Structures are given as C-alpha cells and as structure tokens.
Amino acid sequence: MIIKDLFVNLSILVSILFFYSQIFKKFPLSSRSPSIIKVLAGIWGGLLSILLMLFSIKVSGTFVDLRHIPTILVAYYGGALPAIISMFLTIIGRYFISTNVFYYALLMSVSGTLFAIYFSKRNFSKKFKVTMILTFNNLMFSAIFGYLVHNIGVFIKVIPIYWLVSSLSAYLSFYVIGYIRRSQRLYDKYLEESVTDSLTGLNNKRKFNEVFKHLIKETKENDLKLSLLYIDIDFFKHINDTYGHEVGDAVLKELGIVLQKNTRPFDIVSRNGGEEFTVLLRDCPLSRAVEIAERIRENVENHTFNFFSGKKIKLTISIGVASFQDTTTDPAMLIEDADKSLYQAKKTGRNKVCIAPYYSLV
C-alpha cells in the first residue's frame with residue numbers, strides 16, 4: 001500500500017512539474033524572474049501542495065504527505081515571494097482538509113518555508129543546500145510527530161519511511177526540473193544554431209530563405225516595396241591565402257558588424273555562405289536601397305580591419321541591388337536579379353554597386 005501511494009505521489013509530482021515547465025518554458029523561475037512569474041509559481045506550488053495532501057500516504061495507521069516539496073522547490077528557484085504564496089495556500093488548504101493538529105502543521109509549514117528561503121540564498125552548492133533544507137523539514141516533522149505520538153513503536157515505523165519518501169520525492173523533483181531545463185537549453189541552442197551563422201552571429205541561409213518567403217507574401221498582400229542587396233568580398237581568397245583562414249574568419253565576423261551598423265534595425269542581414277552576405281530591406285524603394293548600398297560600400301572601403309596579430313587589412317566589396325516594383329516585377333525573382341547584378345559588379349571592376357538590370361552606379 002505504501003509503495004502504491006508513493007508511486008501515485010511521485011507520478012503527480014513529475015507530471016505536474018513537466019506540465020508547468022512546458023507552459024512556462026520561456027520564463028523559467030529564478031530569483032530574477034518578473035513578479036508575475038513568481039506569483040504564478042507560488043500559486044502553482046500551493047495548489048500542488050494541496051493536491052499532495054489529498055493523496056496522503058498511509059503508514060502504520062497515520063498519514064504523511066509531501067506538501068513541503070513544492071514550497072521547497074519554489075523557494076529554491078524563485079526566492080521569498082513564491083515560497084510565501086505557496087506556504088499560505090498550503091496552510092489554507094490544510095485547514096479546510098482537516099483542523100486536526102492544525103497549529104502544529106502551521107508551525108512546520110512556516111518554519112520550513114522560512115528556512116528554505118534563508119538557506120537557498122547561501123553560497124553553497126545546490127546539492128548541499130537541497131540536502132540541508134530537506135533535512136530541516138524532515139527533522140521538524142520528526143520532532144512534531146514524536147511530540148504528538150507517544151507510541152515509540154509507531155514512531156520507529158513512521159519516521160524512517162517518512163524520511164525515505166520525503167528525500168526520494170525531493171531529489172527526484174530537483175532532478176526532473178534540472179533535466180527539463182537542460183533539455184530546454186539544448187533545444188533552444190540547437191534551434192538558434194539552425195538559423196544562425198555560427199561565425200558571425202547573423203542569420204544563415206536557412207533563416208534568410210525563411211524570412212524571404214515571408215516578406216514576399218507580406219509584400220504582395222500589402223503592396224509594399226522590397227529591396228535586396230547581394231554582397232561579396234572582393235578577392236577574399238587572396239586574404240585567406242595570404243593571412244590564413246583564422247584572419248579570414250575574423251574579417252567575415254567584423255564585416256558582419258559593419259553591415260549591421262550601416263543598415264536599419266528592422267532590415268535582415270544574413271551570411272548566405274562563404275564571403276557572400278545579403279541584406280533584405282523592408283518597405284524600401286530602389287533609391288533608398290542604393291543609398292544604403294553605397295554607404296555600406298564606402299564604409300567598408302574606408303574601414304581598417306585590425307587583428308590581434310597586429311595585422312591591418314583594407315578590403316572592398318561588390319554589391320548587387322534589386323528592388324520589387326522598381327527593377328523586378330516578380331518579388332520571387334529578387335534573388336536572381338540581385339545575384340546577376342552582383343556578378344556584373346565583379347565582372348566590371350569590383351568595389352562598386354550594380355543595379356538590376358545590371359548597370360553600374362557611377
């Protein structure tokens with residue numbers, strides 16, 4: 001019977017921890033969380049404590065429960081505010097469930113919560129803090145239970161089981177939360193890496209294609225203009241061959257910064273591969289796109305790329321420009337037209353801006 005009740009309680013804990021983590025996966029509870037997240041976490045903790053009281057574990061004619069576990073969790077991760085809210089809801093729930101030895105239950109809840117709040121702020125390892133908070137709660141229960149129950153036989157049967165159940169539940173709960181958080185961080189990391197160029201931090205080609213498709217749809221539906229800059233570093237192979245790939249990578253990274261500084265905050269800057277970059281200019285006519293392209297070209301030409309080795313490199317870029325409604329009637333053809341314009345810029349001398357249908361800006 002004890003094993004069955006324990007299994008039910010552990011199932012409740014794990015399932016609700018997982019459910020909560022999925023709902024608030026973008027806002028994991030911490031001491032720096034907004035107040036609303038802490039309040040919600042405190043309410044969640046209190047309701048879970050009440051639920052665990054309703055599924056008490058029967059041991060030798062008496063009942064024990066795991067009401068303290070949710071409050072310990074929110075105290076450890078979120079601090080005083082969620083812990084106190086959880087504690088008050090637990091106390092209210094305990095009163096309505098049963099008034100039997102209510103004041104002793106109140107004493108245990110308040111003292112356990114305050115100790116958890118205090119000790120969770122100490123500069124110790126997670127394992128040590130959890131162990132000490134849990135030990136305090138277990139000792140409090142043992143002392144109060146021993147005071148109320150004068151039968152030494154019952155005491156000897158109940159206390160070891162309570163310590164085992166309490167400890168197993170607490171460590172399992174912390175393990176589950178840690179596992180879910182690590183999994184979420186890895187997922188977020190992989191998701192970011194799938195759309196971000198690892199070298200420059202810009203959007204990669206996959207993200208560019210995704211945004212481009214969205215902007216085409218938006219442009220058609222709202223009759224907007226959309227311009228595209230296709231950018232390539234002139235003689236980049238010479239930089240790699242002369243200075244090495246480490247310097248070449250540093251050039252790409254710094255160029256990404258220069259591009260971001262010389263475009264609008266809502267423009268989409270991407271590295272499409274190798275030394276090729278693109279800039280999607282939202283709601284931007286050809287005249288404005290050409291101004292931005294020329295500014296980028298001039299700033300790159302005048303920029304000195306300094307490196308840790310003391311090397312200073314000057315370089316230039318070529319840019320192809322295409323603009324929906326001004327140079328291109330079909331927005332889906334922007335990439336092809338801008339790419340052809342870039343090819344024309346490189347073919348006719350480099351360090352210049354060419355505009356579809358492939359004439360050079362003088």
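Structure notes:
- Every test in (1) more than 28 Å from E294 (Cβ to Cβ); (2) open to solvent by 50 Å² or more (accessible area, probe 1.4 Å); (3) touching a residue at least 60 places away in the same chain (Cβ under 8 Å); (4) under 27 Å from the mean Cα position of the chain (by Cα) is passed by S173 save one, and that test is (2).
- Any hit, the range 305-312, residues being modelled with pLDDT of 90 or more and open to solvent by 10 Å² or more (accessible area, probe 1.4 Å): no
- Qualifying residue in the range 39-50 (condition: more than 26 Å from the chain's Cα centre (by Cα) and of a type in the set (V, I, T)): yes
- Matching residues, the range 173-202, being of a type in the set (A, V, I, L, M, F, W, C) and more than 27 Å from I16 (Cβ to Cβ): V195, L199, L202
- Pick from the range 321-336, criterion in a helix (DSSP H, G or I) and open to solvent by 20 Å² or more (accessible area, probe 1.4 Å), ranking: farthest from F212 (Cα to Cα): E336
- Residue identified as at pLDDT below 90, out of contact with any Pro (no Cβ under 8 Å at 6 or more places or on another chain) and assigned to a helix (DSSP H, G or I) among E294, E218: E218
- A single member of F155, F145, F174 is among the aromatic types (F, W, Y), closer than 17 Å to P70 by Cα and part of a helix (DSSP H, G or I), and it is F174.
- For the range 222-252, the set of residues classified as of a type in the set (K, R) and either assigned to a helix (DSSP H, G or I) or surrounded by fewer than 18 Cβ atoms within 10 Å (Cβ to Cβ) (or both) consists of K237 only.
- Of the residues making up the range 260-286, those that are out of contact with any Ser or Thr (no Cβ under 9 Å at 6 or more places or on another chain) and open to solvent by less than 30 Å² (accessible area, probe 1.4 Å) are N262, T263, D267.
- Figure legend. Inter-residue proximity from the range 247-262: first residues more than 15 Å from L229 (Cβ to Cβ), second residues of a type in the set (S, T, N, Q) and outside any helix (DSSP H, G or I), beta-carbon distance below 7 Å, spacing 6+ or different chains. Indicated pairs: L252/T200; K253/T200.
The values are calculated or read from the model by the stated rules, or taken from the named source; none is laboratory data. Note that the structure is a prediction, hence the values are computed from the model and not measured. Reconstructed Cβ throughout: ideal geometry from the backbone, glycine too, with neighbour counts over all protein chains shown. Just the protein is used for accessible areas: all its heavy atoms, side chains included, with ligands, DNA and RNA removed. Shrake-Rupley method; radii C 1.70, N 1.55, O 1.52, S 1.80 Å.
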